1. Contour minus end-to-end for Ala199 and Glu245, with contour as 0.36 nm per residue of separation and end-to-end as the Cα-Cα distance?
2. Per residue of region 153-159, what does 6.51 cos²θ - 1.76 cosθ + 1.60 with θ = phi - 60° give for ³J(HN,Hα)? Whole Hz please, x for Gly and Pro, Karplus curve as stated.
3. Using a 1.4 Å probe on the protein heavy atoms, what percent of the accessible area of region 26-182 belongs to carbon and sulfur?
4. Going 7 Å from the Cα of Asp124 in the Cα-to-Cβ direction, what parts of region 160-187 have a backbone nitrogen less than 20 Å from that spot?
5. Using only C-alpha positions, report the orientation-averaged shadow area of the convex hull of region 142-212, nm², one decimal.
6. If we count every other residue with Cβ under 11 angstrom of Pro172's Cβ, Lys/Arg +1 and Asp/Glu -1, where does the sum land?
7. Which of the pairs Lys279/Lys322; Lys128/Lys235; Lys61/Lys304; Lys197/Lys279; Lys136/Lys164; Lys35/Lys61 have their Cα atoms more than 19 Å apart in this structure?
8. Would you tally the net charge around Asn284, using a Cβ to Cβ cut-off of less than 11 Å, leaving Asn284 out, and scoring K and R as +1, D and E as -1?
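The values are calculated or read from the model by the stated rules, or taken from the named source; none is laboratory data. Just so it is clear, the model here is predicted, and its values are computed rather than measured. Cβ: placed from backbone, ideal geometry, glycine included. Neighbour counts: every protein chain shown. For accessibility, only protein heavy atoms count, side chains too; no ligands or nucleic acids. Shrake-Rupley method; radii C 1.70, N 1.55, O 1.52, S 1.80 Å.
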Amino acid sequence: MTRTHAGILAAGAVAAALAVATPASAQIYSLGTGKQGFFTYSAGAAIAKVAADGGLNLRVKPFGGTSAYVPGVNAGEQQFGLANELETHYAVTGTVIYKGKEQPHLRVVAVLTPLYSEFLVAKDSPIKSIADLKGKRIPSGYASQRVLQVLTTGTLANGGLSMKDVQGVPVPNVVGGANEFLQGNTDAFMFAVGAGKVAEVNAKKPVRVLPIDHSKAAMERMRKYIPVAYATILKPGKGRAGIDEPTWVYAYDYLVLVNDKVADDAVYKLTKLLHDHQKELAANFGALSGFDPKRMNKDMGPVKFHPGAIKYYKEIGEWPPKSGS
């Protein structure tokens, strides 16, 4: 072994020892999110502020989409990240959009909030239902946010349609889809209700959320692609551009993820901060008004919680988790 090589190994050992010994409050952790305008960017910024106020250094690290940063959380390149339950299940099990690329080091900190990823159209559009999208132009592909193609296919199925019934316009992510809509290149676009980009689009070109068909048969068609989806009524409210009247939408849960090697005390601290600061989270980002401290964990089968989070849930009598949504 050369002296240089030995020095490198020694330095690595010292760095590792310091990382283990350094208190969670003194370390800087990264939180993978989408870029500005994405739901995850705003949610991540809200979480980072609550964390900072509580003495945990958590910094948002934006990417083009979940497909770009979820593998990074698994690899430990980012310690934390935000992703929906469906994509997390695919990642952990190595199926569908992660086929053959299992991500075994992903763990969950908390269920963050229900997310409403819906199709939006111009407010004065004659398109009134998902079924009315037949023959219309919609975003497709989502190279850096591949789970969106699954959501698109499932939402179309709710209206009795498939991708063969529409004209797909390739986009890299939801922001790209919204931009194509603004430019007049699509007739609809998919985005999370409450996201900053939807408000931006609405200011330039008023939009309306297309209601889903909440019948049993239609929801069964949707769940072939989005098994975690459930139907609910969304009412008008602050930050809900496109919801001008009570509207049937579908929802699924968004999660705070963490690499399994992150220290238990850091995950415990973040879990507690989230639980204790619901009002602050909602004040920082209105779309997090759906965050429920009494619903931070649930049984998700192969998707497991981090030991640090479990420790906190046990302390407050919220473990083991309840089944389902």
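1. Values: separation 46, 0.36 × 46 = 16.56 nm, distance 1.66 nm.
Length gained, Ala199 through Glu245: 14.9 nm.
2. Rounded to whole hertz, the list is 4, x, 5, 4, 4, 4, x.
3. On the way: 2860 of 5540 Å².
With neighbouring chains kept in place, the figure for region 26-182 is 52 percent.
4. Answer for this model: 181-187.
5. Directional mean of the projected Cα hull area for region 142-212 stands at 4.6 nm².
6. +1
7. Those over the limit are Lys279/Lys322; Lys61/Lys304; Lys197/Lys279.
8. Numbers: positive: Lys49, Lys279; negative: Asp53, Glu280.
Counting the neighbours of Asn284, the net charge comes to 0.
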